Amino acid sequence: MCAHLGCPPGKFRCRNFLCIPQTEVCDNYNDCEDGSDEEPAVCSSQGLCLPHQFRCRSGHCINQTMTCNGQNDCGDYSDEVDCRNQTICSFGTCSQLCIEKKNGAHSCHCAPGYSSSGSGKPKTCLADGAPSHLLIASDNKLRRLSPFKAGDISESVFNPGSIRIEAADVFYNESEVNKKNIYVCIKGTCFI
């Protein structure tokens with residue numbers, strides 16, 4: 001008798017009578033345990049497409065790979081709207097500069113002031129010179145933190161004892177960039 005009852009609003013009733021959130025229908029995961037939430041007929045009746053599909057303006061679904069291929073797969077050309085010319089040098093192909101070559105080949109380069117690092121594809125471009133660091137003032141300590149490695153934090157760059165750090169400035173000598181001076185000012189008194 002209970003099997004014939006519906007589900008509360010915002011829920012989908014599975015064929016095995018389970019109720020799942022509507023947002024879990026056609027999400028490419030078997031939430032109902034009987035697969036009924038992923039059946040193409042269910043997705044179509046719910047006005048949804050499977051995750052690997054594209055929804056045409058007409059309402060029916062086609063495979064995502066059929067979009068932007070120059071063919072009218074939807075019958076209303078909606079699968080060919082907002083298509084950009086796909087080039088070999090799209091976002092993420094190279095770390096910085098991508099040079100297209102003949103026959104669909106490309107080469108990756110780093111901008112001036114950067115050098116190639118690593119052997120992965122694409123190779124990463126890192127800034128020349130010493131590694132960057134962030135200075136973090138936390139209560140009565142000034143710490144150095146790497147913006148590239150999680151958890152890479154120094155114990156303490158400067159510790160004035162029990163006095164709270166209110167501000168810290170970093171000054172560079174423009175003629176000698178490698179000489180960095182850190183000034184910490186506490187209640188009008190500055191320390192190097």
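The values are calculated or read from the model by the stated rules, or taken from the named source; none is laboratory data. Values in this document were obtained by computation on a predicted structure and should not be read as measured data. Here the Cβ is made from the backbone with ideal geometry for all residues, glycine too, and neighbour counts use every protein chain on show.
The table below gives the values:
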read-out: Region 74-83 - residue that is of a type outside the set (S, T, N, Q) and surrounded by 13 or more Cβ atoms within 10 Å (Cβ to Cβ) and, of those, modelled with the lowest pLDDT; value: Glu80
read-out: Cβ pairs under 7 Å, 6+ apart, first in region 7-32 and part of a strand (DSSP E or B), second polar (S, T, N, Q); value: Lys11/Gln22; Phe12/Gln22
read-out: Options Ser90, Ser116: the member that is at pLDDT below 85 and assigned to a loop (DSSP other than H, G, I, E, B); value: Ser90
read-out: Qualifying residue in region 50-64 (condition: of a type in the set (D, E, K, R), more than 29 Å from Pro8 (Cα to Cα), touching a residue at least 12 places away in the same chain (Cβ under 8 Å) and surrounded by fewer than 16 Cβ atoms within 10 Å (Cβ to Cβ)); value: yes
read-out: Number of positions in region 18-73 that are at pLDDT 85 or above, touching a Gly at 6+ places or on another chain (Cβ under 7 Å) and among the polar types (S, T, N, Q); value: 1
read-out: Tally, over region 132-170, of residues that are at pLDDT 70 or above, surrounded by 15 or more Cβ atoms within 10 Å (Cβ to Cβ) and among the small types (Gly, Ala, Ser); value: 1
read-out: Test: residue in region 120-131 that is assigned to a loop (DSSP other than H, G, I, E, B), under 30 Å from Cys89 (Cβ atoms), modelled with pLDDT of 75 or more and among the aliphatic types (A, V, I, L, M); value: no
